[in-house]
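Have a look at the structure below before the remarks.
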Amino acid sequence: MYQPIEYDPASTTTQAPVVSPCHSPQEEQERARRLLDRLTTIIRTIGGKPDLTVTTEVDPEAAAHIALQGKDADQEWFRYSTWTKEGELVREFVHVPPTDLADDIAAMGHSAHEASHVRIERMAQFVPRSVLQDTGVLATLKAAEERATDQFVYREYPGAGEWLRYRAAQVVLQAAEEPDEFVQHRREAIPRFLQWCELTKFAPHFSRDLIERCYHPSVIDLYRELHPIILRVANAVPSRDASEAETVEAAKERYRISYNELWPRIRALIEEDTERRARQMLAENANPQDAPPSLDDLLPEERVELLAQAREALGCDEEKFVESTLGGHLVPTVTIGSVCPPSDIVSPYSPPEAHRLTKEHVAPTLEKTPYQEAYDEVRHLADRLYGRLLPVLRPRLTEGGMHLKTTGTLVNMRAAFRRAAAIAAGARSVDHRVFAHPGTRMERDDTFTLLVDLSGSMRSDEKIQQTFRGVVMTAEDLHRLRAPFEILGFQDDIIVFKTFVEEFTDSVRARMAGMLLEPHGINPGGHNWPGNTDLGPCLLRASRRLARERARRSYLLAFSDGMPWGRHSTIQDVHTVVRAIRKRGEQALVGIGVGPGTRHVETFFPHALPNVPIEELPERMGDLLVDIACHPEKYELKV
């Protein structure tokens, strides 16, 4: 069996970056051009794409899409691709940051490594999305893939392997020069499972002394224990002449080894990290004069909530770590034709099905969209509801709340008549303020979250169709009333359709139409796990998002058509979460039972509307909103 190259970095030359001397801007430009030509050859050869364009330029379209991910396109390696509806490639190019052209060999090593990602990684084509929901799975899989990626270069392109060694030597040099205080703090602060992932990537290049300096002893022990398994993953790579089917099969073999043999041990490490983070969070909120707090002193629901918060914090750490340390950057970053921005999944590959141009994106159509059809069905209800809510939620928008100014577009007829009469009467003082402006809202009085069950049972009896119409009616009226709101769905996790900070644009409305397809599992670019109803964890996440708005009154409306049977939660979890939310006393919880046989919402929620006839759901939703607006005291939570 071919062994990955493990070597002592002390024998590796860590010379200064190799930069050819230039004496003028013209010479520097010529050097950069020649280097880019060489990088193009490397990426095309190792990546297996002989016609791939490689450039340092970024067009406005690509820059805009990269900016959506909070990145500067000029500083990122990425592969940009767009596809037609029929699956034909429209264009594709790789961007190389101009700043990375300063060091010739490092740039070639980076190109070889990232091109290898493109050549051998295929996990996004077959890894179930449900697998990636667990904290730590993505980082574990990608850490193992990093070893396989380098191994492919070492074995199939030995000359390029020297560039990888040079690039790794720069990392070694940087780690060796970090101050002891920084290294010690980092070793204690970074979650152990992320330390293991980083060590898995860099261990072949670090000396034993450097490993012991940078990583926690328990992490080192676990790495040594799992090292034979890591080597099996690293060696399960295809040859350079492998067919696409052989490449996919090799990727599946690496996934089987990583998930079945590495992941169970890392999952146990994550459980330890979760309790460690929870104790840290508990200590940070405790009185320094009191005895150190313990998780055992908490009530069961408090412990559940604290551990959930700790796990969520670890998930955030994982996202940052994957992006900064394990990210394969030559990825099809942009999805053209899907409603939502693409999510980062296991590998740099994304199936073409998730990157399509629909007819609606290519050319406008006269056909009504599903959203427009739903709104037409409830427009009369929406207009009536708006008239009932306006004087209650936004009295400043009624006639008595209008401000008059000398400029504007909306003429107040009474003010205009008064002005005309004053001029005709020869009044010395004439009020020329005849344009009406609505008064500005002084505070966010009412904030709403709609959490909609999108499990498979919602497919039957027009449940999802009528629920969607009710959601559309509510969203349109809350938008007109300038009331902050968020639209979420849930299966095994929440599905975001409209956030509090987003403008309610046509693109958001189009995204919301995906609610009709989620119960069928066919929403393009969507979540599509209708076999799960994890109400408890999803209710908790929705509540946390709502709490961040810090509104005077907050309402969380949850729609459900049956008992919650989830992938990673139980009925008891719903009770635990609801008790925790009620204890905080910050949000009003209302459960809406979609259709007959939904009295279970009364057992979960302090306020409930059970057994709502499906055909009456939009109208009953309107009545509920009016009752909430007119009688908010009825919905105040009592602990």
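Numerical summary
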| quantity | calculated |
| --- | --- |
| Residue selected from segment 187-231 under the condition charged (D, E, K, R) and crowded, with 18+ Cβ neighbours inside 10 Å, by the criterion nearest to Asp134 (Cα to Cα) | Arg192 |
| Residue in segment 92-103 that is at pLDDT 85 or above and among the small types (Gly, Ala, Ser) present | no |
| Failed item in (1) surrounded by 23 or more Cβ atoms within 10 Å (Cβ to Cβ); (2) touching a Pro at 6+ places or on another chain (Cβ under 6 Å); (3) more than 16 Å from Leu451 (Cα to Cα), with Thr533 passing the rest | (3) |
| Qualifying position, being touching a residue at least 24 places away in the same chain (Cβ under 8 Å) and buried (at least 21 other Cβ atoms within 10 Å of the Cβ), among Gln170, Gln151 | Gln151 |
| Segment 439-474: number of residues that are touching a strand residue (DSSP E or B) at 6+ places or on another chain (Cβ under 6 Å), modelled with pLDDT under 90 and not in a loop (DSSP other than H, G, I, E, B) | 1 |
| Residue, nearest to Asp492 (Cα to Cα), within segment 123-140, restricted to residues that are out of contact with any Ser or Thr (no Cβ under 6 Å at 6 or more places or on another chain) and buried (at least 20 other Cβ atoms within 10 Å of the Cβ) | Thr135 |
| First in segment 38-67 and assigned by TED's automatic domain parsing to the domain that holds Val94 and within 21 Å of His113 (Cβ to Cβ), second anywhere and among the hydroxyl-bearing types (Ser, Thr, Tyr) and not in a loop (DSSP other than H, G, I, E, B), Cβ under 7 Å, 6 or more apart | Leu39/Ser111; Ile42/Ser111; Ile43/Ser111; Ile46/Ser116; Val54/Thr40 |
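So that you can scan it fast, the table gives a plain yes or no per residue for (1) under 32 Å from the mean Cα position of the chain (by Cα); (2) free of Cβ contacts under 8 Å to residues at least 12 places away in the same chain; (3) under 23 Å from Ser457 (Cα atoms):
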residue	(1), (2), (3)
Ala588	yes, no, no
Pro596	no, no, yes
Val601	yes, no, yes
Phe604	yes, no, yes
Ile614	no, no, yes
Glu619	no, no, yes
Gly622	yes, no, no
Asp627	no, yes, no
Pro632	no, no, no
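The values are calculated or read from the model by the stated rules, or taken from the named source; none is laboratory data. It should be emphasised that the depicted structure is a prediction, and the values quoted were computed from it without experimental measurement. Because the Cβ atoms are built from the backbone with ideal geometry, glycine has one as well, and the counts that use them run over all protein chains shown.
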